[in-house]
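Right, one structure below, let's go through it.
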Amino acid sequence: MTGPQLGRPRDGIREVADGVMMITRAVTNSYLVTTDDDILLIDAGLPRSWSLLTHALTALRATPDDLVSVLLTHGHFDHVGTLDRLQREHHVPIHVHPADAPLVRHPYRYDRESSRGLYPLAHPGGIPNLARMTFAGALGVRGVEAHGDLRAGEPTLGGLLPVATPGHTYGHLAFHLADRDLVFSGDALVTFDPTRDDRGRRSWLVRPPPTAGRR
Ligand SMILES: [Zn+2]
């Protein structure tokens, strides 16, 4: 979702719009969205996002059992960290674009534009962020089976409209919530790069864009 601030987000829970709570843990965000009848979760953070998620639900006088569904922008490990527990202990349905369902099953098996294995050496400023993500469970995310039934242009739960935004992953979706004039953009729009400790808008692509001038 586009937000009013750029830079490293602090851990915690913030109401960022009417009926929308942003949960931030180790530079990952997820969103609780309340509609007339339901509470939805958009993206699922890291495993240790769990306590903030339950706190946010408690503030809504709810529990994980009250979540009607999780909608995923995409299947990267830092967006699916609490799914295993939500599904196993609370039977919450999980929905994603079909092209990202294999990624939700295997959250570390993803294509990327370039290897980040040496990033900590090239960008040591990112090391504290990577450490925070690791402490929040980033290396222990379990894949789950999700319903690969979200389609761009077909409204889904809560009146959310999936919008095709492939590039970061093959099946990346944004979600438009028209009644509150909001777009949840997932990683199609990144405002902080934890690997470089770098602020500013950028995109991470699964494939490099075509070389300029190529015919
Ligand atoms: Zn991602």
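Here are the numbers for this structure:
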{"read-out": "Hits in the stretch 62-92 (condition: at negative phi, away from the ligand (no atom under 16 Å from the Cβ) and part of a loop (DSSP other than H, G, I, E, B))", "value": "62, 63, 92"}
{"read-out": "Matching residues, the stretch 17-49, being small (Gly, Ala, Ser) and either surrounded by fewer than 22 Cβ atoms within 10 Å (Cβ to Cβ) or within 12 Å of the chain's Cα centre (by Cα) (or both)", "value": "17, 19, 30, 44, 45, 49"}
{"read-out": "Any hit, the stretch 37-46, residues being within 16 Å of the ligand (Cβ to nearest atom) and either part of a helix (DSSP H, G or I) or more than 15 Å from residue 133 (Cβ to Cβ) (or both)", "value": "yes"}
{"read-out": "Near pairs, Cβ below 6 angstrom, 6+ apart or cross-chain, from the stretch 156-169 (away from the ligand (no atom under 16 Å from the Cβ)) to any residue that is of a type in the set (S, T, N, Q)", "value": "157/69; 158/35"}
{"read-out": "Test: residue in the stretch 171-178 that is away from the ligand (no atom under 16 Å from the Cβ), in a loop (DSSP other than H, G, I, E, B) and modelled with pLDDT of 95 or more", "value": "no"}
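For (1) small (Gly, Ala, Ser); (2) in contact (Cβ under 8 Å) with a residue 40 or more places away in the chain; (3) touching a Pro at 6+ places or on another chain (Cβ under 6 Å), each residue gets a yes or a no:
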| site | (1), (2), (3) |
| --- | --- |
| 39 | no, no, no |
| 50 | no, no, no |
| 57 | no, no, no |
| 64 | no, no, no |
| 72 | no, yes, no |
| 81 | yes, yes, yes |
| 104 | no, yes, no |
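The values are calculated or read from the model by the stated rules, or taken from the named source; none is laboratory data. All values reported here derive from a predicted model rather than from experimental measurement. Heads up, the Cβs are rebuilt from the backbone with ideal geometry, glycines too, and the neighbour counts pull from every protein chain shown.
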